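Let me begin by presenting the structure, written as structure tokens, before commenting on it.
The values are calculated or read from the model by the stated rules, or taken from the named source; none is laboratory data. These figures come from a predicted structure and were not determined experimentally. Here the Cβ is made from the backbone with ideal geometry for all residues, glycine too, and neighbour counts use every protein chain on show. Surface accessibility is based on the protein's heavy atoms, side chains included, excluding ligands, DNA and RNA. Shrake-Rupley method; radii C 1.70, N 1.55, O 1.52, S 1.80 Å.
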Amino acid sequence: MLFEDMLMVAGREDEILEMASKAISFRYWFHDTENEGYSKKQARATATILVSKRSCRYRVQSTCLPALWLALDELTNRVKLQDAEIKLSYTEKLPLTDFYAVLDEHYNSRQAVRVAESSLNNCAYQYRIIQKRLLIRFKDSRPAMLGPLDLMLRQTHRKLLHLASGVDTAQNTRSYSAHNLGCTTRILLALMKMRFNLSSIEYDILCSHLNPSVVELNLSAADEPGWEETTDVALDSILNSSLSTHILLMPGQFDPDHLDRSTKNSKKRPTALLPSFPTTTAKLKRHIAMLCDRLEQRQILG
């Protein structure tokens, strides 16, 4: 049994709990106490693993798509520990529609942060202008009445505090959506590996272009590209090199040397400007769909 250690009776290691069905469920609690903006429904999820002994199939399902990653990763690791030579396959369609929904959620959260920070910067600039005018009044030997400046200063200060709170809320939402996108990306990568029978080297190359480290990219400087921009450029590179339609290879012939040569040749070209924040995610979605189609063609050729 794969999850035998999780079904042992406390204090009696030789006795295992009897299961009424061929399923095991996990409940994850990931509520962030510092961010009370999320409801309890969003902060918990249940994942279930169903097994069919006759057809040797596993079915992993959950009430929340990102929570599938924990169950899927644990299941594949335990299967590999029992038999390192076993090959896992995935025959259904890739959940691209669900992935795109999580992608749009992350993109919208990044856009909301940009809008909130821009409003905060504008208000802070207005606040500094009012302060400078007040200082000029105070330095005058015969200062005039403050008039509306005092009222404007108080109102702008209250607005500044309100916008700062909005920025903090938007950043927390972006962090939440970044974790969701990171887990969903790992699910998609794992399913692509099983569906297209990718080797370890091919899988590592795929992960380096469809990077699941979304949270780390969100922590970069504000003027540096985010996950959407970086991934779009990386996918465009691999689609025009190793997975180009002109050099489509057979399964097991995903040539990393060709990618290295393309990278070296690209270094000789003039340095391009850093990618800017995209207006939509349509181009990135198209590149992800093209990536899956090219890998599917390799599978058909085999």
Within segment 149-167, count every residue that is out of contact with any Cys (no Cβ under 8 Å at 6 or more places or on another chain) and of a type in the set (S, T, N, Q).
-> 2
Report yes if some residue within segment 123-140 is outside any helix (DSSP H, G or I), under 30 Å from L291 (Cα atoms) and among the charged types (D, E, K, R); otherwise report no.
-> no
The correct count of residues that are surrounded by 17 or more Cβ atoms within 10 Å (Cβ to Cβ), over 26 Å from R294 (Cα atoms) and touching a residue at least 40 places away in the same chain (Cβ under 8 Å) in segment 181-224 is 1
Please give the number of the condition N108 fails out of (1) at pLDDT below 90; (2) over 17 Å from C183 (Cβ atoms); (3) in contact with a helix residue (DSSP H, G or I) (Cβ under 9 Å, 6 or more places away or on another chain).
-> (1)
Any pair with Cβ under 8 angstrom, 6 or more apart, that starts in segment 75-99 at a residue that is touching a residue at least 60 places away in the same chain (Cβ under 8 Å) and ends at one that is of a type in the set (G, A, S) and surrounded by 10 or more Cβ atoms within 10 Å (Cβ to Cβ) = T76/A190; L96/A289
Selection within segment 85-107 - closer than 16 Å to K285 by Cβ, aliphatic (A, V, I, L, M) and assigned to a loop (DSSP other than H, G, I, E, B) = L94
When residues of segment 149-176 are filtered for being over 14 Å from I129 (Cα atoms) and touching a residue at least 40 places away in the same chain (Cβ under 8 Å), how many remain?
-> 12
Whichever residue in segment 47-84 is polar (S, T, N, Q) and not in a strand (DSSP E or B) and, among such residues, is farthest from N197 (Cα to Cα) | T63
Taking S199 as the residue in question, decide whether it is closer than 25 Å to D104 by Cα, at pLDDT 75 or above and of a type in the set (S, T, N, Q).
-> no
From T280, T230, T271, grab the single residue that is part of a loop (DSSP other than H, G, I, E, B), open to solvent by 40 Å² or more (accessible area, probe 1.4 Å), among the β-branched types (V, I, T) and at pLDDT 75 or above.
-> T280
Specify the residue that is surrounded by the fewest Cβ atoms within 10 Å (Cβ to Cβ); the eligible residues are those in segment 67-84 that are under 25 Å from H106 (Cα atoms) and in contact with a strand residue (DSSP E or B) (Cβ under 8 Å, 6 or more places away or on another chain).
-> L70
